[in-house]
Amino acid sequence: MGVSHSPLSLWDAPWGAGTQQVRLSPVHAYHLVLTDCSCRMPNKTNTPQSTTDAPPVPSGAPMRVLIVEDDALVALGIRMTVTELGYEVVGIAASELEAVALADAERPQMALMDIRLRGPVDGVDTARRLRSEFSIRSVYLSAYADEQTMARVAQTYPLGFVQKPYSAPQLKQALELAQRRLVQNTEKSG
């Protein structure tokens, strides 16, 4: 990752192949250049059906998404991609406590959840808490896909799992599938 010290104030990150630029606020005053990694689909997907309904999905309104990611740069990239895909990002949390506070205040319909978070509680337990307290289900975005982790993930009834590194089209596909599942659950309960 190359860094130059030119102050830029606009967000600009066309996600695709090759070199990508992310422009941060003047406070950061850095121009960061990100290079795509080779992306691959996860080896396993565990998406059991939920018995708890998510918050209602209003028709025509953008899906409200909470990002739970401890790496600030990764979180900003996810936010830009998700926003460009037409979703509303209600906030970014780096820890369980931040995620719970944002979920309580903003009531998103789903969370994009990393497994490694700041603090003593990981993303799996955070997703479990968001589901039990707010009926918010998660799509996991993580590099951790070992058997033990995936068994824990499956117990939270995720909407999906995207293994890092991933591409914008993979994230788009996971979000669209998650949204369809939430809408189907809302239609069944309504």
Checked the stretch 95-153 for anything more than 18 Å from residue 72 (Cβ to Cβ) and small (Gly, Ala, Ser); matches are 103, 105, 127, 132, 135, 138, 145, 151
When every residue in the stretch 162-180 that is in contact (Cβ under 8 Å) with a residue 24 or more places away in the chain and not hydrophobic (A, V, I, L, M, F, W, C) is compared, the one surrounded by the most Cβ atoms within 10 Å (Cβ to Cβ) is 166
Sole miss for residue 114 among (1) in contact with a Gly (Cβ under 6 Å, 6 or more places away or on another chain); (2) acidic (Asp, Glu); (3) farther than 17 Å from residue 67 by Cα is condition (3)
Scope the stretch 129-149; condition at pLDDT 95 or above and of a type in the set (A, V, I, L, M, F, W, C); matching residues: 130, 134, 136, 139, 141
Mind listing whichever residues of the stretch 133-150 are of a type outside the set (A, V, I, L, M), farther than 20 Å from residue 87 by Cβ and touching a residue at least 12 places away in the same chain (Cβ under 8 Å)? 133, 144, 149
List the number of the failed condition for residue 94; all other conditions in (1) surrounded by fewer than 21 Cβ atoms within 10 Å (Cβ to Cβ); (2) under 13 Å from residue 65 (Cα atoms) hold. (2)
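Scan the stretch 75-94 for residues that are under 27 Å from residue 147 (Cα atoms) and either at pLDDT below 95 or not in a helix (DSSP H, G or I) (or both) and jot them down.
Within the stretch 75-94, 93, 94 qualify.
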The stretch 129-148: number of residues that are part of a helix (DSSP H, G or I), crowded, with 18+ Cβ neighbours inside 10 Å and not aliphatic (A, V, I, L, M): 2
Scan the stretch 109-124 residue by residue and report those that are in a loop (DSSP other than H, G, I, E, B) and hydrophobic (A, V, I, L, M, F, W, C). 115, 117, 121
Considering only the stretch 117-152, how many residues are under 18 Å from residue 66 (Cα atoms) and aliphatic (A, V, I, L, M)? 8
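Here's the yes/no breakdown for (1) within 19 Å of residue 62 (Cβ to Cβ); (2) among the charged types (D, E, K, R); (3) touching a helix residue (DSSP H, G or I) at 6+ places or on another chain (Cβ under 7 Å):
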| position | (1), (2), (3) |
| --- | --- |
| 94 | no, no, no |
| 98 | no, yes, no |
| 112 | yes, no, yes |
| 147 | no, yes, no |
| 156 | no, no, yes |
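The values are calculated or read from the model by the stated rules, or taken from the named source; none is laboratory data. All values reported here derive from a predicted model rather than from experimental measurement. Ideal geometry is used to build each Cβ from the backbone, glycine not excepted, and the neighbour counts take in all protein chains shown.
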